[in-house]
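This report refers to the structure that appears directly beneath it.
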Amino acid sequence: MGFAQFLTHDTLGSGPTKDVWNVNFGMRWRRGTKGDWLDARQIENGSQPFATVAIPAAGRYAADVTALIQRWLGNNENRGFYLRTVGTDFPFDWTGRLSSDADQRPTLVLNTTAGTVRIVARCNANWVTSSSSAINTGTVFQTSSQAQAIVHFPLPVLSGTLMSASLELTCAVWRRVGTLQVLEADPPQFIIPDSVPNPVRGIGAAVANFAALRTHPEVLLATDFADGTYGNGFTPAAPRVFNPATGTTYAAGTVQAGTRTSLDVTLNLIQPNVDGTPATTINEMFIQYWVYLEDNFGSSVDSTKSPAFETRFGYWNPVGYWQSVGGNGGAPGDGRKTWNAAQRRWEYSGNSIRTHWGRTPADPTDYDGLIWLDYYAYHLDQTQAFPEGRLWEGVLIRRGRWYCIDLQVKMNTVFGPFDTNGNGEGNRDGELRAWVNGVLAYEATNMRWTRNPEMGVQGGWLNVFHGGQLNSPRDMGYRLDRVVLSRRYVGPPAA
């Protein structure tokens, strides 16, 4: 199934706001709170409309949009009609596509040499320049000095030659004389990296297969799920499936309905000294894993935390692993090393770095099956208990496909003066990146996680956890395969 660009929605879960074109995908307007459009001269946010219609009273109106329809039929880029009103600050209420009166709905009338085609709108969305909330505008939508709209129609394959096209709208509530202007919407575009012509290559392209990658000198750890070494943290237990195409074994995990935790395994690479301090420090690390989201994956309740880095540290407990003291669960770490006199141990207050497989909207959309991704990274500069999401804006994945996820973290440097425990202050030079199938999806170079140079990256954290506090509303399946921790970027294999 393909996914067309530019399909605006008029629902609470996927509609536009002053900040974004699609509130679910978080894709920002590029040119201000009134959104993005092209005028009749193809000038970005230009002033010359394709059509203007005076609105002296309530009633049915038609705008000549022949030039715009011809443009879309020629370039196959049906971007939608951008509507605004001028001449009055008072709003016009327009009848929407879900009106009980079918004759009053927004209609596109195409007159061709083969006859007349009438098409009802698939979307009539409006947003307000002062609001970050989407509006459910299926029944009624508005235009005003503070509200603008996008009306979108599906364009059929015409059996004849287009002679004329008109946009018909009904003004249901009129307040003052004004003028309707019709321009071309210009929403942001997304990437689904299923087939990438020029992916960023790394050491994964220099080896023949995963077995060879395991022995690469820059690789710190590489595993599939053929044995139980790193796969016993699934709840419920995940079946193992051999994939002859890759020669590896993946785990088929499930986030069960009514639960939150599906996988929790830390891949620790750092051992302690006898006094409980880290024996080594790794300041930069790459992690790669392959993920496949099943057709039933997607929660409208919350997003799902997913694998990335373990950077919390904490203390080395008697069982033999680092026990965190914060950096997740709404308790940000302060990045310092402290001596716990009561327990007689060193403790490191680090911060976790995970990713999200995105929340899906409750209302059905044309983009059902697409999942957004982001970083969920605790850090020293967050302003609340839980960190903000760091969206991989404009890069989406679809259910039912394997994707190669590459992540990079480079810890920030630390400067003095230093206290007796070696704590200083963190520079804003930490780095965080993400690639999907070799497409750079996220980059930040101003991060802070630590105030102590002993505290770097522990390793990886294979964590799949629904939400925050709310349980998964249904069973959601996923697959994980080929996990690699490395000193260098791995990237997808050679074509």
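The values are calculated or read from the model by the stated rules, or taken from the named source; none is laboratory data. The model shown is predicted, which means the values in this text are computed figures rather than measured ones. With ideal geometry, Cβ positions are generated from the backbone for all residues, glycine too; neighbour counts draw on all protein chains shown. For the accessible areas, the whole protein counts, side chains as well, though only heavy atoms, and no ligand, DNA or RNA atoms are used. Shrake-Rupley method; radii C 1.70, N 1.55, O 1.52, S 1.80 Å.
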task = Provide a single number: the residues in the stretch 353-383 that are out of contact with any Pro (no Cβ under 9 Å at 6 or more places or on another chain), closer than 30 Å to Arg336 by Cα and either open to solvent by 20 Å² or more (accessible area, probe 1.4 Å) or among the β-branched types (Val, Ile, Thr) (or both).
result = 3
key: Answer residue from the stretch 218-239, given it is in a loop (DSSP other than H, G, I, E, B) and over 20 Å from Leu269 (Cα atoms) and is least open to solvent (accessible area, probe 1.4 Å) among those   = Ala238
key: Evaluation of Leu98 against (1) within 16 Å of Val65 (Cα to Cα); (2) among the hydrophobic types (A, V, I, L, M, F, W, C); (3) not in a strand (DSSP E or B) (one fails), failing number   = (1)
Filtered residues of the stretch 304-325 (kept if open to solvent by 10 Å² or more (accessible area, probe 1.4 Å) and in a loop (DSSP other than H, G, I, E, B)) = Arg312, Asn317, Pro318, Val319, Gly320, Tyr321, Ser324, Val325
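Check whether at least one residue in the stretch 162-171 is in a loop (DSSP other than H, G, I, E, B) and open to solvent by 10 Å² or more (accessible area, probe 1.4 Å), and report yes or no.
Within the stretch 162-171, none of the residues are in a loop (DSSP other than H, G, I, E, B) and open to solvent by 10 Å² or more (accessible area, probe 1.4 Å).
Tell me which residues, restricted to the stretch 379-412, are touching a residue at least 24 places away in the same chain (Cβ under 8 Å) and not in a strand (DSSP E or B). Spell out how you get there, then give the answer.
Pass one, the stretch 379-412, residues touching a residue at least 24 places away in the same chain (Cβ under 8 Å): 379-382, 385-387, 389-412.
Once the filter is applied, which keeps residues that are touching a residue at least 24 places away in the same chain (Cβ under 8 Å) and not in a strand (DSSP E or B), the stretch 379-412 yields His379, Leu380, Asp381, Gln382, Ala385, Phe386, Pro387, Arg399, Gly400, Arg401, Met411, Asn412.
Which residue, of Ser159, Ser144, Ser195, is without any contact (Cβ under 8 Å) to a residue 60 or more places away in the chain, open to solvent by 10 Å² or more (accessible area, probe 1.4 Å), out of contact with any helix residue (DSSP H, G or I) (no Cβ under 8 Å at 6 or more places or on another chain) and farther than 29 Å from Tyr61 by Cα?
On the way: Ser159 fails: farther than 29 Å from Tyr61 by Cα; Ser144 fails: farther than 29 Å from Tyr61 by Cα.
When all the criteria are applied, what remains is Ser195.
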ask   = Condition test on Tyr376, is it in contact (Cβ under 8 Å) with a residue 40 or more places away in the chain and touching a Phe, Trp or Tyr at 6+ places or on another chain (Cβ under 6 Å)?
value = no
Any pair with Cβ under 7 angstrom, 6 or more apart, that starts in the stretch 5-23 at a residue that is farther than 19 Å from Thr143 by Cα and touching a residue at least 40 places away in the same chain (Cβ under 8 Å) and ends at one that is surrounded by fewer than 21 Cβ atoms within 10 Å (Cβ to Cβ) and of a type in the set (A, V, I, L, M) = Gly13/Ala362
